[in-house]
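Each remark here refers to the structure printed beneath this line.
The values are calculated or read from the model by the stated rules, or taken from the named source; none is laboratory data. All figures in this text were calculated on a predicted structure; none of them were measured in a lab. A quick note on method: Cβ atoms are made from the backbone with ideal geometry, for glycine too, and the neighbour counts reach across all protein chains shown.
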Amino acid sequence: MLSRRIIPCLDVREGRVVKGVRFRDHVVMGEIEALALRYRDEGADELVFYDITASPEGRPVDREWVERVARLIDIPFCVAGGIRSVADAARVLEAGADKVSVNSPALERPALIDELAAAFGVQCVVVGVDSLRDADGEWRVRQYTGDPGRTRALPRRTLDWVAEAVSRGAGEIVLNCMGSDGAREGYDIDQLAAVRAVCPVPLVASGGAGAIDHFTEVFQNADVDAALAASVFHSGAVPIPELKRRLREAGIEVRDD
Amino acid sequence: MSLDPSRIRLVLLDSGGNNLGSVQAAFARLGIEAPVSSDASRIRAATHVVLPGVGAAGPAMQRLRENGLDRLIPTLSQPLLGICVGMQLLFEQSAEGDVDCLGLLPGRVERLPEAPGIRVPHMGWNRLEVAPSAAGHPLVQGLDGRRAYFVHSFAVRGSADALATCHHGQPFVAIAARGRVMGAQCHPERSAAVGARLLANFLSL
């Protein structure tokens, strides 16, 4: 049986892992390789590296650290941020990343998803979706969330965009629920379950993890394939070995070897 | 298990995949250099040959036809390991684009069926179940019941050459071997200690 995945997300800025509060006031958490190795040793199933300055600065991801990570770790990893074209994705994949994740550029030009899937196969193509519930009760997509000054609310419904992204060739969806992100009060189960119902490919929950119980809840109640988090892993509030032990006790299949 | 790197000359066949770097890095962690080549004399001189592959069967087969490896590979006599799409190319045909493959293993590659709770692509860590009849095969020593990393939408449902199967809704062939021709549907280069063991097992042949 396929295991549910635990995915630490590492925000990369100028070659270092940082953590910001609401995308501001970044604090350096450590060197990329040291943190990648730490999470690998603790039993992370996959890593996501998000180059938080590539996209706002309009430059491609720095290939050099991707190569270093690829040589060092023996679990899969995905690179997000700054990928706007097949050529950008090819650089990152050739440097050793297993998957690329696109978000705002795919909203600007949805055909980017088709192009990436045709060039590399759907299994390489992750679409990140930033979503927030509007006053009328609908979940809608946000764009350029990496830069608070540029963030835009789109008229596009989250459920419609997920279905379109999958039909264009997304092999995995990462749903970042902005309403719960940073609050550490749990994943947005309602929204994730609604997206799950329209998402036939793997779905990764993001935004809101604050305690071990939140991971148990999101796997049991939203049937997601993976749960992504950053600060609770960086701070040590949720140690991955303890998390996996508790998930296993709750009857959730996780990798333990 | 200890490997003697001085006795191993490994070559990665150029199938145009994007994971060549990852596979090279996995062998480097075992102390083994893994140059990429499509040069016949260099490939013939190797002790072990690996056929990596990411993406789709069609473009990968086209690459092998362009560089002549489609004719060279069937004539090789040393241990050959296909990885992911590289394994699929070893079979007769793939439903992905309806392409003819190398035909070194009997069977057809099919799309994995979706079902409630069974998502395609099959993406993540899943258990290798070694067939009792294959328990003595050197390629699968230490792998039974352990989890490897998979990311694929196509696979072979069943094969007389299966050494290990995996379940995603239905069983499919995870590791196969017929003589010197071997394949792994999982990605050993991204399967932590389990993957390293699989690669070391291959190099010990």
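Some points to look at:
- Test: residue in segment B:82-95 that is within 14 Å of chain A (Cβ to nearest Cβ) and either hydroxyl-bearing (Ser, Thr, Tyr) or touching a Lys or Arg at 6+ places or on another chain (Cβ under 7 Å) (or both): yes
- Answer residue from segment B:6-38, given it is of a type in the set (Val, Ile, Thr) and not in a loop (DSSP other than H, G, I, E, B) and is nearest to the other protein chains (Cβ to nearest Cβ) among those: B:Val23
- Checking A:Ala227 against (1) more than 19 Å from A:Arg38 (Cβ to Cβ); (2) touching a strand residue (DSSP E or B) at 6+ places or on another chain (Cβ under 6 Å), the condition it does not meet: (1)
- Meets criteria (surrounded by fewer than 21 Cβ atoms within 10 Å (Cβ to Cβ) and touching a helix residue (DSSP H, G or I) at 6+ places or on another chain (Cβ under 9 Å)) for B:Asp14: yes
- Listed by position, the strands (runs of 3 or more DSSP E) contained in segment A:131-180 that have at least 3 residues being in contact (Cβ under 8 Å) with a residue 12 or more places away in the chain and closer than 21 Å to A:Leu228 by Cα are A:139-143, A:172-177.
- Annotation: A:Glu94 fulfils all but one of (1) among the acidic types (Asp, Glu); (2) at pLDDT 95 or above; (3) surrounded by fewer than 24 Cβ atoms within 10 Å (Cβ to Cβ); the unmet one is (2).
- Listed by position, the strands (runs of 3 or more DSSP E) enclosed by segment A:15-71 that each have at least 1 residues that are modelled with pLDDT under 80 are A:16-21, A:24-31.
- A residue that is in contact with a helix residue (DSSP H, G or I) (Cβ under 7 Å, 6 or more places away or on another chain), of a type in the set (Lys, Arg) and not in a helix (DSSP H, G or I) occurs somewhere in segment A:97-106.
- Residue match in segment A:40-57 (condition: closer than 24 Å to A:Pro202 by Cβ and surrounded by fewer than 18 Cβ atoms within 10 Å (Cβ to Cβ)): yes
- For segment A:114-128, a residue qualifies if it is surrounded by fewer than 24 Cβ atoms within 10 Å (Cβ to Cβ) and more than 11 Å from chain B (Cβ to nearest Cβ), and the qualifying residues are A:Asp114, A:Glu115.
- Residue satisfying condition, being away from chain B (no Cβ under 14 Å) and buried (at least 18 other Cβ atoms within 10 Å of the Cβ), within set A:Ala80, A:Ala70: A:Ala80
- With respect to the stated conditions, B:Val173 fails to be touching a helix residue (DSSP H, G or I) at 6+ places or on another chain (Cβ under 6 Å) and crowded, with 18+ Cβ neighbours inside 10 Å.
- Considering residues of segment B:176-190 that are assigned to a strand (DSSP E or B) and under 8 Å from the mean Cα position of the chain (by Cα) only, the residue farthest from the other protein chains (Cβ to nearest Cβ): B:Met182
- Any hit, segment B:122-133, residues being under 20 Å from A:Arg5 (Cα atoms), in contact with a Ser or Thr (Cβ under 8 Å, 6 or more places away or on another chain) and polar (S, T, N, Q): yes
- Scanning segment A:100-128 for residues that are farther than 15 Å from A:Ala163 by Cα and in contact with a Pro (Cβ under 7 Å, 6 or more places away or on another chain) gives A:Leu112, A:Gln123.
- Of all residues in segment A:107-128, those that are within 12 Å of B:Ala56 (Cα to Cα) have Cβ atoms under 6 Å from Cβ atoms of residues that are buried (at least 18 other Cβ atoms within 10 Å of the Cβ) and charged (D, E, K, R), 6 or more apart or on another chain, in A:Cys124/A:Lys99.
- The set of residues in segment B:90-122 that are of a type in the set (D, E, K, R) and closer than 14 Å to B:Phe172 by Cα comprises B:Arg108, B:Glu110, B:Arg111, B:Glu114.
- Applying the criterion of being within 13 Å of chain B (Cβ to nearest Cβ) and touching a residue at least 60 places away in the same chain (Cβ under 8 Å) to the residues of segment A:33-67, the residue that is nearest to the chain's Cα centre (by Cα) is A:Glu46.
- Residues being in contact with a Gly (Cβ under 7 Å, 6 or more places away or on another chain) and more than 18 Å from A:Val166 (Cα to Cα) - total across segment A:176-206: 10
- Selection count where residues are more than 23 Å from B:Ala192 (Cβ to Cβ), within 12 Å of another protein chain (Cβ to nearest Cβ) and among the charged types (D, E, K, R), scope segment A:83-102: 1
- Of all residues in segment B:57-85, those that are among the small types (Gly, Ala, Ser) and either at pLDDT 95 or above or surrounded by fewer than 17 Cβ atoms within 10 Å (Cβ to Cβ) (or both) total 4.
- Top-ranked residue of segment A:181-214 - restricted to ones that are closer than 23 Å to A:Ser3 by Cβ and surrounded by fewer than 17 Cβ atoms within 10 Å (Cβ to Cβ), ranked as nearest to the other protein chains (Cβ to nearest Cβ): A:Pro200
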